[in-house]
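Trainee: Got a structure for you, written out below as structure tokens; questions coming shortly.
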Amino acid sequence: MKVFLSGNIAQVGLNELEENNVSITQWSEKRQITAEELIAACQDQDGLISVGPNKIDAAFLQACKHLKVIALHSVGYDQVDLEEAKKLNIKIGNTPGVLSGATADTAFLLMLAVSRKAFYLHKKIINGEWKNYEPTPDLGIELNGKTLGIFGLGKIGLEMAKKCIGAYQMPVIYHNRSRNNEAEKEIGAKYVSFEELLAQSDVISVHTALTPETKDQFNLNVFKQMKSTSIFINTARGGIHNEEDLTKALEEKIIWGAGLDVTNPEPMQKDNVLLNMDNVAILPHIGSATEETRNAMAQIIVKNIVAGLKGDSLPYQV
Ligand code: DGY
């Protein structure tokens, strides 16, 4: 059985593919494969391991309707036309669960980095601007006892909430499409309306999927409903916040700070004004990027691919 791999996965996954007699053709260039190149590369394949933001849209799926399975190197599947895949009987697998802890760590890291202006102050040292000890400039804010608002309380949001409770005894409120009764019981999270989430949170952390409904959900009008002392964190998808509006909200001190692991577009250009703001911390979409998590993701991908090639349902099917 033949599979196209559109990037790289952890070595443990490559080894397991070999052990399962899956023959791999791998995209080896440093740049992201284009839509046309991906279609061409998949023509003589039985499956695809999709690494990176490849659009698995109707055009791709129609051109590759012979594929049995597509295993995503991500938990998110906003780039996939699921309806079309279902119509064409192409199974789609993702990597849920194993990356929740690492991604929540990234959200926590950004929250703390923003609250103490850590990335900005680090840059000051590099720029030779560490001069005298001065007690008043560049002060941060403390997180102890502050209210955490989770937008999208699923597995990753729950991990973030637990870290914030453990470290800073932060009361947790959340807004979801439907209530998360388990999380309410486990950590005492309180369900609130979206408006209440905006008005009451000291930190808002986004952990929802990008859908037509959540696209641009955090826009200027929404930032205006947040506390002027609040911090906005997004480790989910850049499309959920409007970046121009976020920039304005920070410039005009409508909110206090922001931490992003996801931007819109990606990659972010190096001259983006957000990169020079004191209360902003930005990372290049590294949410799940730990040895342990990337190994676990690669092993799930192999399970999904092998099951799909056999015609079985996938252990982690979207
Ligand atoms: C995910 O798993 O969805 C990550 O954000 C990588 O895209």
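The values are calculated or read from the model by the stated rules, or taken from the named source; none is laboratory data. As the structure is a computational prediction, the values presented were derived from the model and not from experiment. Here the Cβ positions follow ideal geometry from the backbone for every residue, glycine too, while neighbour counts run over all protein chains shown. Surface areas here come from the heavy atoms of the whole protein model, side chains and all, with no ligands, DNA or RNA. Shrake-Rupley method; radii C 1.70, N 1.55, O 1.52, S 1.80 Å.
Trainee: If packing is taken as the average number of other Cβ atoms within 10 Å across a peptide's residues, how do 283-289, 113-119 rank, most packed first?
Mentor: Details: 283-289: 18.1, 113-119: 21.1.
In decreasing order of mean packing, 283-289, 113-119 become 113-119, 283-289.
Trainee: Here's something else I'd like to know. Give me the mean projected area, in nm² to one decimal, of the convex hull enclosing the Cα positions of segment 52-192.
Mentor: Values: hull surface 50.2 nm².
Here the figure is 12.6 nm², rounded to one decimal.
Trainee: In units of 2.2 N^0.38 Å, what is the alpha-carbon radius of gyration of the chain?
Mentor: Details: Rg = 21.1 Å, N = 318, 2.2 N^0.38 = 19.6 Å.
Normalised by 2.2 N^0.38 Å, the Cα Rg of the chain equals 1.07.
Trainee: With +1 on each Lys and Arg Cβ and -1 on each Asp and Glu Cβ, how big is the dipole of the chain about its Cα centre, in debye rounded to the nearest 20? Don't skip to the end; give the middle numbers.
Mentor: Working: 32 positive and 39 negative charges, 77 e Å.
Here the size comes out at about 360 debye.
Trainee: Mind ranking 9-15, 196-202 by how tightly packed they are, going by the mean number of other C-beta atoms within 10 angstrom, highest first?
Mentor: Numbers: 9-15: 17.6, 196-202: 19.3.
Averaged packing, sorted descending, gives the order 196-202, 9-15.
Trainee: Further question on the same structure: Projecting each Cα onto the charge dipole of segment 100-282 (Lys/Arg +1, Asp/Glu -1 at the beta carbon, about the Cα centre), which of 207, 170, 217 comes out farthest on the positive side?
Mentor: 170
Trainee: Follow-up. Highest mean first, how do 290-299, 97-106 rank when packing is the count of other Cβ atoms within 10 Å averaged over residues? Mind showing how you got there, number by number?
Mentor: Details: 290-299: 18.2, 97-106: 21.2.
Listed from highest to lowest mean packing, they are 97-106, 290-299.
Trainee: Over segment 100-282, calculate the relative contact order: mean separation of alpha carbon pairs under 8 Å at least 6 apart, over the residue count, as a percent. Please report the intermediate quantities before stating the final value.
Mentor: Working: 344 pairs, mean separation 46.0, N = 183.
Result for segment 100-282 is 25 percent.
Trainee: Rank 249, 102, 21 by how far each Cα sits towards the positive end of the charge dipole of the chain (+1 on Lys, Arg Cβ; -1 on Asp, Glu Cβ) and give me just the farthest.
Mentor: Of 249, 102, 21, it is 102.
Trainee: Where nothing but the Cβ of Lys and Arg (+1) and of Asp and Glu (-1) is charged, how large is the charge dipole of segment 231-311 around its Cα centre, in debye to the nearest 20?
Mentor: Details: 7 positive and 11 negative charges, 110 e Å.
The calculated dipole for segment 231-311 is roughly 520 debye.
Trainee: Another one. Taking N as the number of residues in segment 100-282, what is its Cα Rg relative to 2.2 N^0.38 Å?
Mentor: Compactness ratio reported: 1.00.
Trainee: A follow-up question, please. Where a Cα-Cα gap under 20 Å defines reach, which lysines qualify for residue 155, not counting those fewer than 8 residues away within the same chain?
Mentor: 163, 185, 190
Trainee: Now for a different question. Hey, quick one: spin label on residue 88, modelled 7 Å out along Cα-Cβ, who in segment 24-53 has an amide N within reach, i.e. under 13 Å?
Mentor: Of the residues in segment 24-53, 36, 38-48 have backbone N under 13 Å from the label point off residue 88.
Trainee: Mind giving me the FRET efficiency for residue 39 and residue 317? R0 is 22 Å, r the Cβ-Cβ distance, nearest 0.05 is fine. Walk me through the numbers before you get to the answer.
Mentor: Details: r = 23 Å, r/R0 = 1.05.
According to the calculation, E is roughly 0.40.
Trainee: Modelling each spin label as a point 7 Å along the Cα-to-Cβ direction, I'd like the residue 272/residue 220 distance in nm, to one decimal.
Mentor: 2.0 nm
Trainee: To continue, here is another question. What number does segment 5-96 give for Rg over Rh if you use C-alpha atoms and the Kirkwood radius? The partial results should precede the final answer.
Mentor: Working: Rg = 12.5 Å, Rh = 13.4 Å.
Taking Rh as the inverse mean 1/r over Cα pairs, Rg/Rh reads 0.93.
Trainee: For segment 68-140, just say rounded, prolate or oblate: build the C-alpha gyration tensor, square-root its eigenvalues into a ≥ b ≥ c, call rounded for a/c under 1.5, and beyond that prolate if a/b exceeds b/c, oblate if not.
Mentor: Because a/c hits 1.5 or more and a/b exceeds b/c, segment 68-140 counts as prolate.
Trainee: Of 134, 142, 266, which has the most accessible area with a 1.4 Å probe, and how do the rest follow in descending order? Mind showing how you got there, number by number?
Mentor: Numbers: 134 120, 142 140, 266 85 Å².
The most accessible residue leads, giving 142, 134, 266.
Trainee: Between residue 190 and residue 129, how high is the FRET efficiency from 1/(1 + (r/R0)^6) when r is the Cβ-Cβ distance and R₀ = 45 Å? Nearest 0.05.
Mentor: Given R0 = 45 Å and the Cβ-Cβ separation, E is 0.60.
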